[in-house]
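What follows is a short report on a single structure.
We did not get these values from a lab; they are worked out from the coordinates using the rules stated. It should be emphasised that the depicted structure is a prediction, and the values quoted were computed from it without experimental measurement. FYI the Cβ positions are ideal-geometry reconstructions off the backbone, even for glycines, and counts take in every protein chain you see.
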Amino acid sequence: MNKLRKAMMVLGVILATSFSFVSCSDDGPVQMGQVPVNSCRVTSNSVSIYWSTVPNENCAGYQVVLYQGSRENLGQEVTSNDYDNRTYKATYGGLQPATVYTVAVRSLAGEKSGLTDGDFYYRQFATAPLISVTASNATFYKTEGVTSDGSWGKVIRAKVTLTWPEQAVTSAGGYELVVKLVTVKDGKETTSNVGSFSTDKLNVTSTVADGLIPGRKYIFSFRTRGNGNCDYSYSDYADVTYTVPAAPAA
């Protein structure tokens, strides 16, 4: 009997403990869990964010709030929107280049769920700067290459210095440049990539476009990389059209 009594006492303690965990919800409604922002894609004036969905009827949807400012100082609210529980992404445009923003996402509890809304999940990001290059200081030199008649021989080529303003580390993570040669055929312009340059060093503010053909038109397409807070962060390309001066007379 003593053994049976002890066993019953142990069982009673276990049941009491179990019931205490279940009944803790009697003190107040249980809260929805946080909804993390899985990834984001940023340009110079837009952001697309992707969050985890809650695959049950307790979730009525999601609230997404966009602030202009850092996580520590949220600043002005840009927009606030509610989405249904099947939506997992949102895109916002009209943002300012080279500006810090913070997005906040939370789950919204269904009316019959007996739950309260989840806490906000915050993610800070910065839009990429939108800048272009300045072309100057064309210099000419003799080399070997394809001549105007398609043969191989002595040709004159040009170098052009390309410069751009240094950007703050909070909004930029590097630079990319594509050099395009413009060709006109049957009255239509086409372009072909003839060179490129990239760097992740923000203190680099110039490069040289080499091997340019005198008298020909080029497009220098330049963009900045973001500072890494999002999976994809690039500005739009800013194009500068440049015609290489004619080579000086020999």
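Points to keep in mind about this one:
- Given their separation in residues at 0.36 nm each and the Cα-Cα distance between them, Asp119 and Gln31 gain 30.9 nm when the chain is fully extended.
- Using C-alpha pairs below 8 Å separated by at least 6 residues, the relative contact order for the range 29-126 is 38 percent.
- The angle separating the long axis of helix 2-22 from the principal Cα axis of greatest extent in the chain is about 40 degrees.
- With θ taken as phi - 60° and the Karplus curve 6.51 cos²θ - 1.76 cosθ + 1.60 applied, the whole-hertz 3J(HN,Hα) list for the range 203-217 is 7, 8, 10, 7, 8, 10, 8, 10, x, 7, 8, x, x, 9, 9 Hz, x standing for glycine and proline.
- Over all other residues within a Cβ to Cβ distance under 13 Å of Ala158, the charged ones net out to +4, with Lys and Arg as +1 and Asp and Glu as -1.
- A simple charge model with +1 on the Cβ of Lys and Arg, -1 on the Cβ of Asp and Glu and nothing else charged puts the dipole of the range 29-126 at about 320 debye relative to its Cα centre.
- Evaluating 6.51 cos²θ - 1.76 cosθ + 1.60 at θ = phi - 60° for every residue in the range 74-84, the Karplus couplings come out as 4, x, 6, 6, 7, 7, 9, 9, 9, 10, 6 Hz, glycine and proline recorded as x.
- About the centre of its Cα atoms, the chain shows a dipole size close to 720 debye [charges on the beta carbon of Lys, Arg (+1) and Asp, Glu (-1) only; nearest 20 debye].
- For the range 134-243: lysine pairs under 25 Å (alpha-carbon distance), excluding those fewer than 8 apart on one chain: 14
- Judged by the mean number of other Cβ atoms found within 10 Å, the most tightly packed of the peptides 81-90, 209-218 leads the ranking 209-218, 81-90.
- Kirkwood hydrodynamic radius of the range 29-126, Cα pairs, Å: 13.7 Å
- Of all lysines in the structure, the ones whose alpha carbon falls short of 29 Å from that of Lys89, not counting any fewer than 8 places away in one chain, are Lys112.
- With Cα atoms as the point set, the chain shows a radius of gyration and Dmax of 30.2, 118 Å.
- At full extension, Ser46 and Asn73 could sit 7.7 nm farther apart than now, given 0.36 nm per residue minus the alpha carbon distance.
- A Förster distance of 25 Å, applied to the separation of the beta-carbon atoms of Thr241 and Phe197, puts the FRET efficiency at 0.90.
- Local electrostatic count, Gly174, Cβ distance below 15 Å [Lys/Arg +1, Asp/Glu -1]: 0
- Only DSSP H runs of four or more residues enter the estimate; each adds -39500 (n - 2.57), and after division by the residues of the chain the mean residue ellipticity at 222 nm equals -3000 deg cm²/dmol.
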